[in-house]
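Student: Let me begin by handing over the structure; questions about it come next.
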Number of protein chains: 2
Amino acid sequence: MTALPEGFLAAVARDFPADFLSVDPSDLATFGRDWTKVHEPRPAAVALPRSTDEVSRLLKLCTAFQVPIVPSGGRTGLAAGAVAAQGEVVVSLSRMRRMNSVDVLGGTVRVQAGAVTEEVHRHVGEHGLTWPVDFASKGSSQVGGNIATNAGGVKVIRYGLTRQWVLGLEVVLASGEVLELGGALEKNNTGIDLRQLFIGSEGTLGIITEATLKLTRLPGKLDVLLFAVPNLAGVLALFKEARTGPFVITAYEFFTEKCMARVRRHRSVREPLAAPSEYYVLLEVERAEPEALEAWIGSLFERGVVTDGTLAQHAGEAAAIWALREGISESLSATGMPHKNDIALPIQELEGFCAELESVFDARYPGWEIALFGHIGDGNLHVNVMKPDAMEKAAFLARTHEADHTMFELVRKYRGSISAEHGIGLLKKDYLGYSRSGTEIEIMRAIKRVLDPLGIMNPGKVF
Amino acid sequence: MTALPEGFLAAVARDFPADFLSVDPSDLATFGRDWTKVHEPRPAAVALPRSTDEVSRLLKLCTAFQVPIVPSGGRTGLAAGAVAAQGEVVVSLSRMRRMNSVDVLGGTVRVQAGAVTEEVHRHVGEHGLTWPVDFASKGSSQVGGNIATNAGGVKVIRYGLTRQWVLGLEVVLASGEVLELGGALEKNNTGIDLRQLFIGSEGTLGIITEATLKLTRLPGKLDVLLFAVPNLAGVLALFKEARTGPFVITAYEFFTEKCMARVRRHRSVREPLAAPSEYYVLLEVERAEPEALEAWIGSLFERGVVTDGTLAQHAGEAAAIWALREGISESLSATGMPHKNDIALPIQELEGFCAELESVFDARYPGWEIALFGHIGDGNLHVNVMKPDAMEKAAFLARTHEADHTMFELVRKYRGSISAEHGIGLLKKDYLGYSRSGTEIEIMRAIKRVLDPLGIMNPGKVF
């Protein structure tokens, strides 16, 4: 671990409040990592600015003394993008959570980047509006982190990724210069849209300090359905039906009986269907007329598109169905040791990909259980390979590296992405070449040199 | 006008089909300009490739001989972004209009960049799908041009800009290298999203040769309404009502009586309302229940939100209302000489901006009629200053340059954009600094140097 330069520490002590920089070991341990547990956190210090001006002055100092920075939001990332393992200064935005009053007419709100996702939902919800960026970690994830990772979630099929819900960004560059990109404008065709560079850049180009968010109306009544289908072809056939159904799809999720069995082992489950099925689909829809929805469901049964199904009759039943889907990650970890991947495929290629994945894994890694689930309506699969009980943990970990190459070869073959929504961070960096060409990676590096010539912004992440 | 290098011409003659390069004067005149008429077209030649490979080989030659390029789509632009006035080679994609079969399951289609917008609509419409990029010039605009200008239009309030409807791009760089960015994937968080650089770059970074488009379902029944309101405050008050109305807004357009009077002078108009009104709102909505819509309209009258209004009873009436709005541009040009601007403001600032614009113009430019209309639901105003009849054309043109600075000062003051949807091209280049900071412009230039080190891609445009 590198010590911070004396001159840097003296300047911070002179120019910032006493509680600006922490070297408290528990702060270093807390702020040095995200939800991944692969890397040991080793930041040199944690900076806790209260304003964009403080961020700007800090970054000027960091540039002067070549001190590396890790921008830090709610640290709920799953790709180690916010891990500080090399003596960096973590810049946490957690004190910058101001939310301006909601512009109800324009449907926008300006917030500081440290505002917590769920607090934004509450703040704008009072006006019948929502910022439709929604996922399990919304209670601690922050707006800046959501934007820096272009966060996804269960509502992408309805609302798109975070990128679509950002109108303006205030960004501090490594030099300390503050950029105001866009504003409360839906339309602004004035040259290269630099906002887009920072959205999804995982903190490698600058620190997002404020954002003007685009809002939309809260949805009306939602209906939640669970269906049983015999195989992946059935999942996709039902998806084709749902795309022309008498409603607006707000979620189309799937999981396998292998996932369901793990949820049963971990939790008490009230069985939603008469019998287990190899594949399940959770469908959530908006604006369905009751009779039209019933008729649509009836037609699915008549034509054998589904083998079983249920429509939640009240909020409690809807929540119980969602709990099955949302309990999978936790149940896999509680009942075994999953090795996780988050990939995307063109929807048309999902069946071919999954069949080949299964056959390759059967041949090369016999006895490995693969638990598949995910946002199938977006082509997004969460592939969880479970450690065989008889295999030593170390041996399993050694083999997952090889297995990832095997799977990513298939992802490339089927023109997919090695990271649908989690990002690259440190965890997927070695595999970036499966989804991006050498020229693309060179261009990314050159763009980084334009914005961060000394390479102090989240060094070593992504590329 | 610069002659093309001998070696370049010899290589083209040797390596490409005989009809690849045209120097026919009528081709030069046609392909050298867009819908703007300010610059005299003077390209050195027009290249008409049939494949990405031909584009790539041409650009390699252009790099070797430092020949400047103007990428060319349907040439319907309004900012002179596709004008070739300096001896450039125009690269027209008009022979590259292949459309692959529609992926109905995934809701995507792959097309070459020369495909005409309206032909894409027809192609995917057979499957109940649409690519919701829609505007008056759709009969000749091309997919590549739409993407390179991030085109807007009348449905942005419902569907967003073109940027939201592009999944994958094939782009040829100045070096001739072909990049495949993204693909048929909704989610792909693997580092900096380079697609976003090319969307809206107006041909300054590379040539878009193919695209995978995201499709959506064709809308259901649409209702079209025309309302009279006394002033701009009334336009915005009605907008606030509409945002919580029992429907989905698909268009929210406004125009003033000054525009309407010009339409009346130019065309035979069946008056839609009992009496003229200072301001009109065209509202188009989807998924309205007839009774709920009637009740909503009734409540507007009762509460005095509108002074008059009509709901189209059949497709003919709906088309007649739309014809009023869509006839404005043509009518302004037919009855006088408009100087056009396309600006955006935060919706909250529209009233203050318009009041100040009017008072400043009254004081500085007495007698100038300002015809205002536009996509007000997106904050997008088309400001048309009409030449006073008594003023000489030359004197008017000389003063509009000064007047643009006056208006753009106000745009900056109210945190707006000098170009909502038309782009910068050549026409707005001198004013870019009103919407983008010096640092932003430097960053744009540096990014251009990364992708186009010799500066041969659409030189002199945007920045």
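The values are calculated or read from the model by the stated rules, or taken from the named source; none is laboratory data. In this text, all values refer to a predicted model and were calculated from it rather than measured experimentally. Note that each Cβ is placed from the backbone with ideal geometry, even for glycine, and that neighbours are counted across all protein chains shown. For the accessible areas, the whole protein counts, side chains as well, though only heavy atoms, and no ligand, DNA or RNA atoms are used. Shrake-Rupley method; radii C 1.70, N 1.55, O 1.52, S 1.80 Å.
Student: If we scan the range B:83-95, do we find a residue that is assigned to a loop (DSSP other than H, G, I, E, B), within 14 Å of chain A (Cβ to nearest Cβ) and either out of contact with any Cys (no Cβ under 7 Å at 6 or more places or on another chain) or more than 26 Å from B:VAL462 (Cβ to Cβ) (or both)?
Tutor: no
Student: Regarding A:PHE31, is this residue more than 24 Å from the chain's Cα centre (by Cα) and either at pLDDT 95 or above or among the β-branched types (Val, Ile, Thr) (or both)?
Tutor: no
Student: In the range B:412-429, how many residues are more than 9 Å from chain A (Cβ to nearest Cβ) and under 19 Å from the mean Cα position of the chain (by Cα)?
Tutor: 4
Student: Being open to solvent by 10 Å² or more (accessible area, probe 1.4 Å) and outside any helix (DSSP H, G or I) is true for just one of B:GLU202, B:GLU241. Which residue is that?
Tutor: After ruling out the rest, the residue left standing is B:GLU202.
Student: Of all residues in the range A:127-137, count the ones that are within 14 Å of chain B (Cβ to nearest Cβ) and in contact (Cβ under 8 Å) with a residue 24 or more places away in the chain.
Tutor: Number satisfying all stated conditions: 6.
Student: Of the residues A:PRO219, A:PRO272, which single one is surrounded by fewer than 22 Cβ atoms within 10 Å (Cβ to Cβ), under 24 Å from the mean Cα position of the chain (by Cα) and assigned to a loop (DSSP other than H, G, I, E, B)?
Tutor: Sole residue among the options that is surrounded by fewer than 22 Cβ atoms within 10 Å (Cβ to Cβ), under 24 Å from the mean Cα position of the chain (by Cα) and assigned to a loop (DSSP other than H, G, I, E, B): A:PRO219.
Student: Return the only residue of B:GLY374, B:GLY309, B:GLY352 being in contact (Cβ under 8 Å) with a residue 24 or more places away in the chain, open to solvent by 10 Å² or more (accessible area, probe 1.4 Å) and under 30 Å from B:ARG412 (Cβ atoms).
Tutor: B:GLY352
Student: Name the residues in the range A:146-164 that are of a type in the set (Lys, Arg) and within 11 Å of chain B (Cβ to nearest Cβ), would you?
Tutor: A:ARG163
Student: Out of curiosity, is A:PRO388 farther than 26 Å from A:GLY425 by Cα, without any contact (Cβ under 8 Å) to a residue 24 or more places away in the chain and open to solvent by less than 40 Å² (accessible area, probe 1.4 Å)?
Tutor: Spelling it out, A:PRO388 is indeed farther than 26 Å from A:GLY425 by Cα, without any contact (Cβ under 8 Å) to a residue 24 or more places away in the chain and open to solvent by less than 40 Å² (accessible area, probe 1.4 Å).
Student: Being in a helix (DSSP H, G or I) and in contact with a Gly (Cβ under 9 Å, 6 or more places away or on another chain) is the filter here; which residues of the range B:125-142 pass it?
Tutor: B:ALA136, B:SER137, B:LYS138, B:GLY139
Student: In the range B:42-81, how many are over 17 Å from B:ASN150 (Cα atoms) and out of contact with any strand residue (DSSP E or B) (no Cβ under 9 Å at 6 or more places or on another chain)?
Tutor: The number of residues fulfilling the criteria is 9.
Student: Only one of these is open to solvent by less than 40 Å² (accessible area, probe 1.4 Å), touching a Pro at 6+ places or on another chain (Cβ under 7 Å) and outside any loop (DSSP other than H, G, I, E, B): A:VAL46, A:VAL55. Name it.
Tutor: After applying the criteria, what remains is A:VAL55.
Student: Looking only at the range A:297-305, decide whether some residue is at pLDDT 95 or above, assigned to a helix (DSSP H, G or I) and open to solvent by 40 Å² or more (accessible area, probe 1.4 Å).
Tutor: Checked against the condition, which is being at pLDDT 95 or above, assigned to a helix (DSSP H, G or I) and open to solvent by 40 Å² or more (accessible area, probe 1.4 Å), the range A:297-305 yields at least one hit.
Student: Let me ask something else. Is it the case, given these coordinates, that B:LEU236 is within 11 Å of chain A (Cβ to nearest Cβ) and either buried (at least 22 other Cβ atoms within 10 Å of the Cβ) or of a type in the set (Gly, Ala, Ser) (or both)?
Tutor: no
Student: With respect to B:ALA398, is the statement that it is among the aliphatic types (A, V, I, L, M), assigned to a helix (DSSP H, G or I) and more than 11 Å from every other protein chain (Cβ to nearest Cβ) true?
Tutor: The answer is yes for B:ALA398.
Student: A further question follows. Condition first: open to solvent by 10 Å² or more (accessible area, probe 1.4 Å) and part of a strand (DSSP E or B). Now tell me which residues in the range B:328-342 satisfy that.
Tutor: Hits for the range B:328-342 are B:PRO338, B:HIS339, B:LYS340.
Student: All but one of (1) in a loop (DSSP other than H, G, I, E, B); (2) out of contact with any Asp or Glu (no Cβ under 9 Å at 6 or more places or on another chain); (3) surrounded by fewer than 24 Cβ atoms within 10 Å (Cβ to Cβ) hold for A:GLU119, so report the exception by its number.
Tutor: (1)
Student: Suppose we filter the range A:408-439 for residues that are part of a helix (DSSP H, G or I) and surrounded by fewer than 24 Cβ atoms within 10 Å (Cβ to Cβ); how many remain?
Tutor: Residues flagged as part of a helix (DSSP H, G or I) and surrounded by fewer than 24 Cβ atoms within 10 Å (Cβ to Cβ) within the range A:408-439 amount to 13.
Student: State all residues of the range B:440-458 that are more than 7 Å from chain A (Cβ to nearest Cβ) and either in a loop (DSSP other than H, G, I, E, B) or within 22 Å of A:GLU170 (Cα to Cα) (or both); if no residue qualifies, say none.
Tutor: Once the filter is applied, which keeps residues that are more than 7 Å from chain A (Cβ to nearest Cβ) and either in a loop (DSSP other than H, G, I, E, B) or within 22 Å of A:GLU170 (Cα to Cα) (or both), the range B:440-458 yields B:ILE441, B:GLU442, B:ARG445, B:ASP452, B:PRO453, B:LEU454, B:GLY455, B:ILE456, B:ASN458.
Student: While we're on this one: Which residues, counting only those in the range B:355-370, are loosely packed, with under 13 Cβ neighbours inside 10 Å and acidic (Asp, Glu)?
Tutor: Across the range B:355-370, the qualifying residue is only B:ASP362.
Student: For the range A:98-115, enumerate the residues that are in contact with a strand residue (DSSP E or B) (Cβ under 6 Å, 6 or more places away or on another chain) and in contact (Cβ under 8 Å) with a residue 40 or more places away in the chain.
Tutor: Hits for the range A:98-115 are A:VAL102, A:THR108, A:VAL109, A:ARG110, A:VAL111, A:GLN112, A:ALA113, A:GLY114.
Student: So, of the residues in the range B:308-355 that are within 14 Å of chain A (Cβ to nearest Cβ) and of a type in the set (Asp, Glu), which turns out to be nearest to the chain's Cα centre (by Cα)?
Tutor: Only one residue tops the list, namely B:ASP342.
Student: List the residue pairs whose Cβ atoms are under 8 Å apart, where the first residue sits in the range A:198-209 and is on the phi > 0 side of the Ramachandran plot, the second is among the polar types (S, T, N, Q), and the two are 6 or more positions apart or on different chains.
Tutor: Listed by first residue and then by second, the contacts come to A:GLY200/A:THR149; A:GLY200/A:ASN150; A:GLY200/B:ASN189; A:GLU202/A:THR149; A:GLU202/A:ASN458; A:GLY203/A:ASN458.
Student: Follow-up. Can you tell me which residue among B:ALA115, B:ALA84 is under 25 Å from B:PHE16 (Cα atoms), under 24 Å from the mean Cα position of the chain (by Cα) and not assigned by TED's automatic domain parsing to the domain that holds B:PRO43?
Tutor: B:ALA115
Student: Let me ask something else about it. Determine, yes or no, whether A:GLU210 is out of contact with any strand residue (DSSP E or B) (no Cβ under 9 Å at 6 or more places or on another chain), of a type outside the set (Gly, Ala, Ser) and either open to solvent by 20 Å² or more (accessible area, probe 1.4 Å) or farther than 30 Å from A:ILE297 by Cα (or both).
Tutor: Judged against the criteria, A:GLU210 is not a match.
Student: Among B:ALA184, B:ALA174, which is away from chain A (no Cβ under 12 Å), more than 23 Å from the chain's Cα centre (by Cα) and outside any strand (DSSP E or B)?
Tutor: None of the others qualify; the one that does is B:ALA174.
Student: Counting just the residues of the range B:79-101 that are surrounded by fewer than 20 Cβ atoms within 10 Å (Cβ to Cβ) and aliphatic (A, V, I, L, M), which one comes out nearest to B:THR52 (Cα to Cα)?
Tutor: Residue satisfying both the conditions and the ranking: B:MET99.
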